[in-house]
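Working notes, structure below.
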Amino acid sequence: MKFDAMVLGTYHMDNSPNLFTQYDDVTTDPRQREITEVVDCLVPFQPTKIAVERLQQDQAALDRDYQRYRRGDRALPPRECYQLGFRLADRLQDPRVYAIDYQNEAGTGIGGVYEYAQEHVPEVYEFIKRTGEAFKNALQHRIDTETVREVLCWMNESRASQRSQAIYMAMLRVARHADRMGLEWVAGWYVRNLTIYANLLQWTEPGDRWLIIYGDGHS
């Protein structure tokens with residue numbers, strides 16, 4: 001089955017907490033105009049379907065939210081699936097936005113892996129911390145000084161994706177005797193990404209043009 005897809009890696013516009021959280025208020029008038037500019041740039045791709053980082057089991061709720069937005073009954077929350085996904089889908093008169101996310105983190109979370117690395121594999125921990133904080137600081141500086149379009153263009157350069165990959169590969173060295181805890185976490189991360197792709201395929205028909213709006217770390 002042949003189809004086209006474009007992945008747009010984003011930062012989380014609702015400032016949701018993670019290890020390297022950034023801050024942006026996308027509800028201001030200037031930011032709203034900049035988000036409209038991003039949507040204008042995406043229209044020529046003419047996606048037939050738009051996928052976002054919402055859990056697959058939340059599809060019914062996402063459908064209700066989207067229809068309320070289209071009727072003018074719902075303001076858009078500061079989250080990329082709404083600010084970008086809903087706006088673009090409405091502009092293109094798409095009937096829905098597709099939820100394809102999957103959560104499978106159990107057992108030792110990424111925080112536990114980092115804590116163990118800090119004590120037992122400090123050189124790996126320092127590399128992860130240094131690399132992650134450098135990206136966080138660079139991203140925050142760009143958020144503070146550039147437009148949303150400029151920030152997203154920078155985030156989707158290959159160098160930014162290579163940064164995430166370097167962190168994941170470093171985690172493979174975090175092991176507790178026979179318990180390869182870093183490897184197990186990274187394997188779970190890839191299971192999540194592959195499941196996201198499998199969820200996408202469930203909605204795919206020959207000739208589709210997908211736009212996938214997702215957190216940069218999954219790109």
**OP:** From the list R33, R74, pick out the single residue that is open to solvent by 50 Å² or more (accessible area, probe 1.4 Å) and in contact with a helix residue (DSSP H, G or I) (Cβ under 7 Å, 6 or more places away or on another chain).
**Re:** R74
**OP:** For the range 45-67, state whether one or more residues are open to solvent by less than 30 Å² (accessible area, probe 1.4 Å) and either modelled with pLDDT under 95 or among the aromatic types (F, W, Y) (or both).
**Re:** yes
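Among Y116, Y125, which is among the aromatic types (F, W, Y), touching a strand residue (DSSP E or B) at 6+ places or on another chain (Cβ under 8 Å) and buried (at least 17 other Cβ atoms within 10 Å of the Cβ)? I'd like the intermediate steps shown before the answer.
Working: Y125 fails: touching a strand residue (DSSP E or B) at 6+ places or on another chain (Cβ under 8 Å).
One residue alone meets the criteria, Y116.
Yes/no per residue for (1) modelled with pLDDT of 90 or more; (2) of a type in the set (D, E, K, R); (3) assigned to a helix (DSSP H, G or I):
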{"site": "E150", "(1), (2), (3)": "yes, yes, yes"}
{"site": "C153", "(1), (2), (3)": "yes, no, yes"}
{"site": "S164", "(1), (2), (3)": "no, no, yes"}
{"site": "V174", "(1), (2), (3)": "yes, no, no"}
{"site": "G182", "(1), (2), (3)": "yes, no, yes"}
{"site": "V186", "(1), (2), (3)": "yes, no, yes"}
{"site": "A198", "(1), (2), (3)": "yes, no, yes"}
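Looking at A138, A134, A160, can you tell me which residue is part of a helix (DSSP H, G or I), touching an Asp or Glu at 6+ places or on another chain (Cβ under 9 Å), modelled with pLDDT under 95 and not polar (S, T, N, Q)?
Going through A138, A134, A160 in turn, just one is part of a helix (DSSP H, G or I), touching an Asp or Glu at 6+ places or on another chain (Cβ under 9 Å), modelled with pLDDT under 95 and not polar (S, T, N, Q): A160.
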Original post:
Among the residues of the range 135-156, is there at least one that is over 18 Å from G9 (Cα atoms), touching a residue at least 40 places away in the same chain (Cβ under 8 Å) and among the charged types (D, E, K, R)?
Top reply: no
Original post:
Looking at (1) closer than 27 Å to A51 by Cβ; (2) assigned to a helix (DSSP H, G or I); (3) open to solvent by 10 Å² or more (accessible area, probe 1.4 Å), which is the only condition I212 fails?
Top reply: (2)
**OP:** Can you tell me which residue among Q83, Q22 is buried (at least 18 other Cβ atoms within 10 Å of the Cβ) and modelled with pLDDT under 95?
**Re:** Q22
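The values are calculated or read from the model by the stated rules, or taken from the named source; none is laboratory data. Just so you know, these numbers come straight off a predicted model, no measurement behind them. Neighbour counts run over all protein chains shown; Cβ positions are idealised from the backbone, glycine included. Just so you know, the surface numbers come from the protein's heavy atoms only, side chains and all, with ligands and any DNA or RNA stripped out. Shrake-Rupley method; radii C 1.70, N 1.55, O 1.52, S 1.80 Å.
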